[in-house]
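A short write-up of the structure that comes next.
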Amino acid sequence: MSPASRFLSGMAAMVCAMASLAGTAFAAPSSSTVSGAAQAVILTPLTIAPIDALSFGQITRPTAAGTVVLSPAGAITTTGGVLTSTAIAQTTRRGPGTFAVVGEAGRAFSVDLPTVVILRQGTRNMRLSALRSNWTPGTVFSASRSFALSVGATLNVGANQTTGTYTGTYAVTVTYQ
């Protein structure tokens with residue numbers, strides 16, 4: 001008998017033996033152990049600190065309603081009854097709200113701003129809307145771990161708005177992505 005024939009004959013005998021044991025139960029191992037991996041990454045806590053207030057400066061009371069739009073870069077435009085207020089000599093700072101944001105270098109983050117904020121002067125108010133910032137999706141912290149955040153908005157001024165200083169606050173939320 002050739003070696004190949006012997007091999008096939010042995011295989012056939014083994015298959016027959018296994019078939020005869022079809023009703024026989026084999027014991028499975030009683031336990032099995034494997035190691036799992038675990039890890040934790042501790043990030044630098046996010047911090048945000050206000051630098052400058054969002055300030056529309058001094059505006060002459062309009063006879064018709066309008067808006068003052070202050071971009072995050074500091075550009076000012078007006079609409080409606082609000083005249084371009086750049087001709088008014090400003091005795092206070094006018095510009096976007098600025099914040100120092102610090103986080104983990106190379107890490108992406110998001111910035112959330114409210115949709116509407118109310119500025120008050122006694123019982124009178126004005127509405128801030130369309131708050132926006134210089135942050136864009138995909139922004140990551142630089143190697144210095146910092147980001148200079150600027151916030152602009154649209155100030156809605158009513159016709160014959162009561163004179164005075166209108167103030168309010170708004171929340172800025174920064175979150176790791």
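Give the residue, chosen from ARG132, ARG120, ARG127, that is open to solvent by 30 Å² or more (accessible area, probe 1.4 Å), at pLDDT 95 or above, part of a strand (DSSP E or B) and within 18 Å of ILE51 (Cα to Cα).
After ruling out the rest, the residue left standing is ARG132.
Is one or more of the residues making up region 87-105 among the β-branched types (Val, Ile, Thr), within 19 Å of LEU54 (Cα to Cα) and touching a Leu at 6+ places or on another chain (Cβ under 6 Å)?
yes
I'm trying to understand the selection: among the residues of region 144-164, which are open to solvent by 20 Å² or more (accessible area, probe 1.4 Å) and more than 20 Å from THR98 (Cα to Cα)?
The answer is ASN156, GLY158, ALA159, ASN160, GLN161, THR162, THR163, GLY164.
Taking into account only those residues within region 165-177 that are outside any loop (DSSP other than H, G, I, E, B) and farther than 11 Å from MET126 by Cα, which is least open to solvent (accessible area, probe 1.4 Å)?
Per the criteria, the residue is VAL174.
Hey, among the residues in region 44-66 that are within 26 Å of the chain's Cα centre (by Cα) and in a strand (DSSP E or B), which one's surrounded by the fewest Cβ atoms within 10 Å (Cβ to Cβ)?
Taking the candidates together, the pick is ALA49.
If VAL82 satisfies all but one of (1) closer than 20 Å to GLY158 by Cα; (2) open to solvent by 40 Å² or more (accessible area, probe 1.4 Å); (3) among the aliphatic types (A, V, I, L, M); (4) assigned to a loop (DSSP other than H, G, I, E, B), what's the number of the condition it fails?
Result: VAL82 passes all but (2).
The values are calculated or read from the model by the stated rules, or taken from the named source; none is laboratory data. Predicted model only: the values in this text are computed from it and were never measured. All Cβ positions, glycine included, derive from the backbone under ideal geometry; neighbour counts span all protein chains shown. The area values use the complete protein model at the heavy-atom level, side chains included, leaving out ligands, DNA and RNA. Shrake-Rupley method; radii C 1.70, N 1.55, O 1.52, S 1.80 Å.
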